[in-house]
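One structure below.
Each value in this text was obtained by applying a stated rule to the coordinates, not by laboratory testing. From a predicted model like this one, the values you see are computed outputs, not experimental measurements. When we count neighbours, we look across all protein chains shown, and the Cβ atoms used for this are built from the backbone with ideal geometry, even at glycine.
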Amino acid sequence: MCDYCGCRELTPIGELSAEHEEITERAGALERRLAAGEDATAELVALQLALGPHLHKEERGLFAQLARHPEFAGYLERLGTDHASARAVLLRVTRADLESAPALLAGLRELETHIETEEFDFFPASRLILDDESWSEVAEAHLRANADHPHPATTG
């Protein structure tokens, strides 16, 4: 993940980046199990439990604030399409679907590209565009999203 511009020092971006790291690790574990022909159910569930709340948090926080800036319309359209694809492919896949790995693997590749775009383009640009009030609103949206969709690691 990116550390070159200091955007991770902003709590909301730091939180999203940490989630990106977790999601990337879980996606990699899923891919390795699939490649080995092993049961990947646990890895799939772990990825889904991390990814669903993360998408919600990004949309309610950072995406909502940046929607106020017309120069981000193209980015938001692309990232929104990526989120819809992740929901359709990665969040809806079931254990039975693991047999058709090509679609799942394509979804994992899309997710990897999406995360790279956010980390290296979207987050640094948002750091420069949003003011302190907007960052406070992003942080509040994250708190609400965390309450609505608690992370399994923090709920015991």
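What the table below lists for this structure:
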item: C-alpha long axis of helix 73-89 to longest principal axis of the chain, angle in °; result: 20
item: For region 12-122, size of Cβ-based charge dipole, Lys and Arg +1, Asp and Glu -1, in debye; result: 380
item: Reciprocal of mean inverse Cα separation for the chain (Kirkwood radius, Å); result: 16.1
item: In nm, spacing of pseudo-spin labels at I129 and S85 (7 Å Cα→C-beta vector); result: 2.0
item: ³J(HN,Hα) computed for each position of region 18-26 - Karplus, 6.51 cos²θ - 1.76 cosθ + 1.60, integer Hz, glycine/proline x; result: 4, 5, 4, 4, 4, 4, 5, 4, 5
item: Residue of A42, A86, A145 that the Gaussian network model of the chain assigns the largest fluctuation, springs spanning Cα pairs under 10 Å; result: A42
item: Degrees, to the nearest 10: 101-117 long Cα axis against longest axis of the chain; result: 20
item: Degrees, to the nearest 10: 132-148 long Cα axis against longest axis of the chain; result: 30
item: Net length gained if the chain between A106 and N146 were fully extended (0.36 nm per residue, minus Cα distance); result: 11.5 nm
